[in-house]
Amino acid sequence: MFKIVHAEFLAPGVKRFVIEAPRIARKQKPGQFVILRIYEEGERIPVTIENSDRERGTVNIVVQSAGKTTQLLNSLNTGDSILDVVGPLGKPSEIANYGTVVVVGGGVGTAMAYPTAAAMKRAGNRVISIVGARNKELVILEPEMRAVSDAVMITTDDGSYADKGFVTDKLRQLIENGTRIDLVVAVGPIVMMRAIAEMTRKENIHTVVSLNPIMIDGTGMCGGCRVLVGGKSEFACVDGPEFDGHKVDFAVLVQRNSMYRDAEQRSLAEFHRCKTESTARDLEDAGVAVPAGRQGEQR
Amino acid sequence: MSLTAKKSSNPLPLKERIKVPRQLMPEQAAAERAHNFSEVNLGYSAELAQQEALRCLECAKPTCTDNCPVGVKVKEFVERIVIGDFLGAAAKIREDNVLPAVTGRVCPQEDQCEGKCLLSKKVKPLGIGYLERFVADYEQRMGTHIVPNAAPTGKRVAVVGSGPSGLTVAGDLIQKGHKVRVFEALHEIGGVLVYGIPEFRLPKQIVREQIEYMREMGVEFETDVVVGRTITIDELIEEEGFDAVYIGTGAGLPQFMNIPGEHFNGVYSANEFLTRINLMKAYKFPTYDEPMLDLHGKDVAVIGGGNTALDAIRSALRLGARKAYVIYRRSDSEMPARAEEVHHARQEGIDFQMLTAPVEFVSDGKGWLTAARCVRMELGEPDASGRRRPVPKEGSEFDLPLSVAIIAIGTGANPIVQSTTPGLGTNKRGYIQASEETQRTTRKGVFAGGDIVTGSATVILAMGAGRRAAKSIHEYLTTGEW
């Protein structure tokens, strides 16, 4: 059992958990992730590591509500426990002094991008961060990103905060302004990473993306997370999750991530049908279909 | 006490024993079991077990024991069954085998003990596996456990991987007074016994009971630890103070065929397919959350001819598949699967497409599998494995309509431990180098065995390696000599 020592919403439906996991905290490096299982009948899902505290032996994870498991997870609070947390998994980001690194975080992907941005900064890079979200409330970790970046650019799809538009607009601006970019790291929705990769391909800027396929064990045992990279099959859990964005076949990733859509919808529907009054309240806390103003509240 | 010194307890003269027919294993009817995950074999009753035990010829030099990788004293345990001392029989097995309820079910006895049984020269061999299973289950029902009382040595051993070889090492060393801690990457103990072998062949409750037994013996288990990621071998030794480490991580890296279309939705590795069903209980979806493609009314094929292939396709049948095929590129006689499993699979209605190999997967244009494009093969000259090489027949191409294809053509070495342990020697296929006799690796205090050394083999061979390793670890811990 892994105890949640602190839980808080960063945005509607996006929650940060500080989890007691000393072994993981000691080893975690930017770019890595954990796999967790909430309860006995639960599935195993990969989750982003935002940060860790070696001294306190804790790991911060950030979770966005989507299906049953993430909704259930986001109904947990300080003092609750998660049955299994395993990691840190995946290869760490390749941190070096590249020169100027543009770190792009889309939505909850910002949580995964943040430790990489911080490490790139520590390695002596000039770090320009671009953070994008659907709207103002979904912009997460802005102060954290500012603390580790030389410049931060923010976009919202609806213009409710900072500049209206997409992260790609900001990247295009940088390129058009003649900013020398040595590396782009992009973490976020597949469509975003694909758009970024397409843009940098033309400019010949090396681009790393962090992939999020369906996984079970996370140790290279099942092969469910295989992705096509440069025409070759790679396992995101052990060969990645970061890959050369110019070589990734994003269409295959989208297609494979849709494999269990029917089952996922059925799971979610049953979950909502079965839930009791009290879990309904938990779900509200988790930011599902309730007014945004209430969502930051904790029990 | 030597059995040879006393008179046989078997009332039958040798000539009579050979006339007793091998007692059949009671089993669930094929038509019924093809639709459930309950165990196929139901187990001997005490009467059947005692009747079967009478057939043992009590050879002066028992070749069955010589041919058992862990050296179970067959003659001695069978002798105890004859007189109805079932717990004594169980204790006798446990001197050499910490997982009798498992091996009694999944061991390929025809290649091991029973393959060398003297009876098989004239009639069917003694049902050693069935008898082992009977006494192990009897012991479990009685709830009697032997708890070791060896004086503590103060030495600590880390076992990496909780599959059959790791469990054997743990069970043997705890009985020598060493402290043992087993690290498992998954959330459940048992390795391939829980993620790989299906419920209908090895109920998970049986595995849990055997693990519980080991806990009572004092073995400690820690799940959710991926050695090489969560902690390294060096950290186990230097920071956590383990005096020796045994690596039994298995051969868990699935191999694909590298043919077009392997990324289509509906194409699985056998590891993934079986892990979803066995470890994650996807067959109980939506009670359990892990999803599985709905196989009801679908056509499913497995590619490969080993036990894993049969486990996968028989699982697919139980999940409602309309047609369930085995696609194997050689013929019946080259199939590596156990004869009993092939027999059971045929009874259940599995369609064997022998001398057939897929060359490409076909999709609906949206990324969902619709067929396997196959060719028929014929057998040519023997290849490196000594088996006749399958050669494609020209013009034999055809499409086999499928919704799901499961690839079970073997596994490779998972590199996580090797790549994070400096100085640990590996061979060119990535398996860990270890002495066949002592299981010592190129690193002092580090031992390895089972599939991560040999490549994928059987539960009992991994256990055999575990036994040798335990003996050699004990020697190392006692003498300090490397």
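The values are calculated or read from the model by the stated rules, or taken from the named source; none is laboratory data. Every value quoted in this text rests on a predicted model; they were computed, and no experiment measured them. Reconstructed Cβ throughout: ideal geometry from the backbone, glycine too, with neighbour counts over all protein chains shown. Keep in mind that these areas ignore ligands, DNA and RNA; they rest on the heavy atoms of the full protein, side chains included. Shrake-Rupley method; radii C 1.70, N 1.55, O 1.52, S 1.80 Å.
Just checking, does segment B:405-420 include any residue being out of contact with any helix residue (DSSP H, G or I) (no Cβ under 6 Å at 6 or more places or on another chain) and more than 14 Å from chain A (Cβ to nearest Cβ)? No, segment B:405-420 has no match at all. Within segment B:144-161, being exposed (fewer than 13 other Cβ atoms within 10 Å of the Cβ), touching a Lys or Arg at 6+ places or on another chain (Cβ under 8 Å) and of a type in the set (A, V, I, L, M, F, W, C) holds for one residue alone: B:150.
Per the conditions (1) closer than 30 Å to residue A:43 by Cβ; (2) open to solvent by 30 Å² or more (accessible area, probe 1.4 Å), the sole criterion not satisfied by residue A:163 is (1). When segment B:278-319 is filtered for residues that are among the charged types (D, E, K, R) and either assigned to a helix (DSSP H, G or I) or crowded, with 24+ Cβ neighbours inside 10 Å (or both), the ones remaining, listed by number, are B:284, B:289, B:290, B:311, B:314, B:318. Screening segment B:212-236 for residues that are surrounded by fewer than 20 Cβ atoms within 10 Å (Cβ to Cβ) and away from chain A (no Cβ under 14 Å) and picking the one that is nearest to residue A:27 (Cα to Cα) gives B:220.
Taken over segment B:404-418, residues that are at pLDDT 95 or above and open to solvent by 40 Å² or more (accessible area, probe 1.4 Å) amount to 1. Residues of segment B:52-61 include at least one that is assigned to a helix (DSSP H, G or I), touching a residue at least 24 places away in the same chain (Cβ under 8 Å), out of contact with any Lys or Arg (no Cβ under 8 Å at 6 or more places or on another chain) and not charged (D, E, K, R).
Listed by first and then second residue, the pairs with beta-carbon distance under 8 Å, at least 6 apart or on different chains, first residue in segment B:306-335 and within 20 Å of residue B:385 (Cα to Cα), second acidic (Asp, Glu) and assigned to a helix (DSSP H, G or I), are B:307/B:341. Evaluate the following for residue B:275: is it open to solvent by less than 10 Å² (accessible area, probe 1.4 Å), within 30 Å of residue A:264 (Cα to Cα), of a type in the set (Val, Ile, Thr) and within 13 Å of chain A (Cβ to nearest Cβ)? Yes, satisfied.
In segment B:173-184, of all residues being touching a residue at least 60 places away in the same chain (Cβ under 8 Å) and open to solvent by 20 Å² or more (accessible area, probe 1.4 Å), the one that is nearest to the other protein chains (Cβ to nearest Cβ) corresponds to B:181.
Apart from one condition, residue B:239 fits all of (1) within 14 Å of chain A (Cβ to nearest Cβ); (2) over 24 Å from residue B:447 (Cα atoms); the exception is (2). Out of curiosity, is residue A:95 crowded, with 16+ Cβ neighbours inside 10 Å, touching a residue at least 24 places away in the same chain (Cβ under 8 Å) and in a loop (DSSP other than H, G, I, E, B)? Judged against the criteria, residue A:95 is a match. Here residue A:200 clears all of (1) open to solvent by 40 Å² or more (accessible area, probe 1.4 Å); (2) within 25 Å of residue A:90 (Cα to Cα); (3) in contact with a strand residue (DSSP E or B) (Cβ under 7 Å, 6 or more places away or on another chain) except the condition numbered (1). When residue B:363 is tested against (1) within 14 Å of chain A (Cβ to nearest Cβ); (2) touching a helix residue (DSSP H, G or I) at 6+ places or on another chain (Cβ under 8 Å); (3) touching a residue at least 40 places away in the same chain (Cβ under 8 Å); (4) of a type outside the set (A, V, I, L, M), just one condition goes unmet, and that condition is (2). When segment B:242-272 is filtered for residues that are of a type in the set (Phe, Trp, Tyr) and within 10 Å of another protein chain (Cβ to nearest Cβ), the ones remaining, listed by number, are B:256, B:264, B:268.
Restricting to segment A:241-263, give me the number of residues that are within 12 Å of chain B (Cβ to nearest Cβ), surrounded by 19 or more Cβ atoms within 10 Å (Cβ to Cβ) and part of a loop (DSSP other than H, G, I, E, B). Residues that pass the stated criteria total 2.
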